[in-house]
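One structure is given below, encoded as structure tokens.
Bear in mind these aren't lab numbers, they're just calculated from the coordinates by the rules spelled out. Quick caveat: nothing in here was measured; it's all calculated off a predicted structure. Backbone-built Cβ (ideal geometry, glycine too); neighbour counts: all protein chains shown.
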Amino acid sequence: MSDDLLAVSASHQTVRLTRGRHQSPGLGVCVMELASMLADEPFSDRPASTSPVIAAFLRTYNDGVDDGRRQDLYPLAALIVGTARGRRVERERASRCLEFARSLGARAPAGRGAIGIASAEASGSWAALAVLRAGPPSETHPRALAFARELVQFGAQARHPGWPMWLRGRDPGVAVEEALAQPGPGAPGPAARPDQAIGICTASRSRCARLG
């Protein structure tokens, strides 16, 4: 099977979020690698279309949270595509990460470390580590998900005019969550699996969050 076919199969049918970095979708994906697939970018945990601050936060959180809660990151993969912005917005996001970490009791490093922690990569990772260490996952996990959505709102723009009508003006992550809550086609039954919801989201376009 070619790499392209494997990627499509994994994104629509068999993908499951796992820890770490992967060579191909067939070996698993993290939330950022899934975002690269939804954006039609080369398979990577650093897609160019996503905010580097948000990417750092989600990479770290993806690898630190338990497997069951990791699957809750599915809707965020669609939400974060297209979040890359200019320096001003990314600095605001980095500053918000530092505030979030301090609100959870994390202490900022001193000296040169205090300068380095303000970078996109370090600030996002530090915020994720802070929430992972802050307390019981049952309490901190909802905060982590809400914080990721908050970061998206910095510099938020209107939905791309080429997106499907049912998605325009909507949060793609919410659209995926709604799909997850709906029974499968044809009969009352269990809600769609996360990978099926991603397929629903992408069915009317090559990728629901692609920036044409």
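From the backbone phi of segment 85-102, what are the Karplus-calculated ³J(HN,Hα) couplings (6.51 cos²θ - 1.76 cosθ + 1.60, θ = phi - 60°) in whole Hz, Gly and Pro given as x?
9, x, 4, 4, 5, 5, 5, 4, 5, 5, 4, 5, 4, 5, 4, 4, 4, 5
Through the Karplus equation 6.51 cos²θ - 1.76 cosθ + 1.60, θ set to phi - 60°, convert the phi angles of segment 38-49 into ³J(HN,Hα) values in whole Hz; use x for Gly and Pro.
For segment 38-49, the Karplus-derived couplings read 5, 8, 6, 9, x, 4, 6, 8, 10, x, 5, 7 Hz, x marking Gly and Pro.
Around residue 51, which amide H atoms from residues at least 5 apart in sequence, or from another chain, sit under 5 Å from its own amide H, with H modelled in the peptide plane?
83, 84
Between residue 40 and residue 102, how high is the FRET efficiency from 1/(1 + (r/R0)^6) when r is the Cβ-Cβ distance and R₀ = 22 Å? Nearest 0.05.
0.05
Convert each backbone phi in segment 72-84 into a coupling constant with the Karplus relation 6.51 cos²θ - 1.76 cosθ + 1.60 (shift: θ = phi - 60°), then list the ³J(HN,Hα) values in order as whole Hz, x for Gly and Pro.
Going residue by residue, I get 5, 7, 3, x, 5, 4, 6, 5, 8, 5, x, 8, 4 Hz, with x marking Gly and Pro.
Using only the alpha-carbon atoms of segment 11-153, report the extent along each of the three principal axes, biggest first, to the nearest angstrom.
Sorted largest first, the three principal extents are 46, 35, 25 Å.
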